[in-house]
1. For region 275-379, report the translational diffusion coefficient in µm²/s to the nearest whole number, using Stokes-Einstein at 25 °C, 0.890 mPa s, and a Kirkwood Rh over Cα pairs.
2. Report, in whole Å, the centroid distance computed from the Cα atoms of region 2-51 and region 242-313.
3. Tell me, what ³J(HN,Hα) does each residue in region 166-180 have, in order and in whole Hz, if you take phi through Karplus 6.51 cos²θ - 1.76 cosθ + 1.60 with θ = phi - 60° and put x for Gly and Pro?
4. With respect to the cross-link table entries K346/K397; K48/K376; K17/K376; K17/K63; K140/K257, which display a Cα-Cα separation exceeding 18 Å?
5. What value in Å³ per residue do you get for the convex hull of the alpha-carbon atoms in the chain?
6. Over region 97-198, what per residue volume does the convex hull of the Cα atoms give, in whole Å³?
7. Where does the charge balance sit around V29 when Lys and Arg score +1, Asp and Glu -1, over other residues with C-beta under 9 Å from its C-beta?
8. What dipole magnitude, in Debye to the nearest 20, does region 1-84 give about its Cα centre under +1 on Lys/Arg Cβ and -1 on Asp/Glu Cβ?
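Bear in mind these aren't lab numbers, they're just calculated from the coordinates by the rules spelled out. Predicted model only: the values in this text are computed from it and were never measured. When we count neighbours, we look across all protein chains shown, and the Cβ atoms used for this are built from the backbone with ideal geometry, even at glycine.
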Amino acid sequence: MNTIIIGSQWGDEGKGKLIDFLTESADVVARGQGGNNAGHTVMANGKKYILHLVPSGILWPGKLCVIGNGVVLDPMGLVDEIESLKKQGVTITPQNLLLSDRAHLVLPFHKEMDAASESSLGKKAIGTTKRGIGPTYSDKARRVGIRVADMRRPEVLEDMLRNRIRSANIELKNMGAQPVNEDQVVEEVEAAAKVLRPHIADTIPVMHNAIKEGKSILFEGAQGAFLDVDFGTYPYVTSSNTSSAGACTGTGVPPHKIDRIIGVCKAYTTRVGSGPFVTEDDEFADYLHGLGREFGATTGRPRRCGWADAVLLRFSSMFNGFDEMAMTNLDGYDQCETIKICVGYKLGDQILEYPPARSADWERCEPIYETLPGWKQDISGCRTWDELPVQAKAFVKRLSSLIGTPVTTVGVGPDREQTLVVGN
Ligand code: GDP
Ligand code: IMO
Ligand code: MG
């Protein structure tokens, strides 16, 4: 069974937790896009782990984790992440973590470019994670990138780095930013390459052999559907295809080998960074932040928060092809008197069934809400669907029917055992 897991909103839906939950019965966990802009939280064995580049399956012994060709990989960032996971007691070896030789490298000048481009945008800044993601994907598309395969031989790497750094420094100067120190970058990248070399592989045959042997693969999406460079709130998006198709181009596994696509959705909506957010509600955000929830796993920024948005989720389910949805954070509503679901967008005198293409129009959409009663009790102790209050079950079923996709699991807390299988 090969399953793609996709964030159905703007990221941070709880993909890490779901991947960890599903890894028990899988063999391989592969990332196909994004980089260390991702922050996936897993609570396991009484500890909190935050994964950025390493697939969330790494916490289970005996599972193979693959960083696919579509990922942009920060070599120093990855070495730091591996070290800190090892300190937390996680086993990471070339037997359980492979890096695609075709993945592109995020280098220090990409981060400088990211920061410079953000500051030049002023009020229109995207609110990126400043991890150099956009500039690295730009380099890939304009065919000047350096890839993991180029790290295999130190002399090749050094030559390529020096050439690219020189031209990058001219670009940085033109952007009004400081150049990077050539010798220092070469040294840092070579030191990281030394650690990472044993993990480098042609991961495409590895994936295909796993399929031939009948193994189960989980494709771990990063970010969310509306951060997709094609389908999202452009230009307030990330630079990769975060939607389901990205899992195939990002790992070399063709679409007909995929058996199931799961959309992870928060029971409400959050986003980090700028851009349209129709159901955003400051009062609701204060309520969630007051509970200590919704602070970014990568940057610590308080996330913007709003009500559930069925317009978003319906569209997301369409272009991702969700077979089912995994809902998380239902317990976020525990103290709410009433709960709102956005069932349509009003744009001028039109009612939209799907979001518009232009962010400027999307910003002008007003939510049409349906209001449901809350349950005013702590559901984090529930361990079966039947134990949930009727109002909670009614909310899940109503949102599911508005999306037109079955919700099959519901999260009532961050821990492994706080995922309930939805009943009738
Ligand atoms: P990801 O990027 O999609 O993996 O999500 P993040 O880890 O960035 O953010 C999701 C947050 O919600 C994390 O802090 C998780 O521990 C937490 N979480 C996931 N599912 C649930 C849930 O059902 N209830 C609660 N209370 N927290 C959850
Ligand atoms: P996970 O995998 C939430 C957002 C940034 C910004 C936009 C572009 O944890 O769900 P980038 O640095 O990618 O160029 O920033 O995308 N963003 C995320 N928001 N969760 C993420 O990852 C994100 N990765 C990027 O906040 O708005
Ligand atoms: Mg996250």
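1. Value of D from the Cα-based Kirkwood radius: 162 µm²/s.
2. Answer, in whole Å: 13.
3. Per-residue couplings from phi come out as 4, 6, 5, 5, 5, 4, 4, 4, 5, 7, x, 10, 6, x, 8 Hz.
4. Violating the 18 Å Cα-Cα cut-off are K346/K397; K48/K376; K17/K376; K140/K257.
5. 137
6. 100
7. In short, 0.
8. Here the size comes out at about 160 debye.
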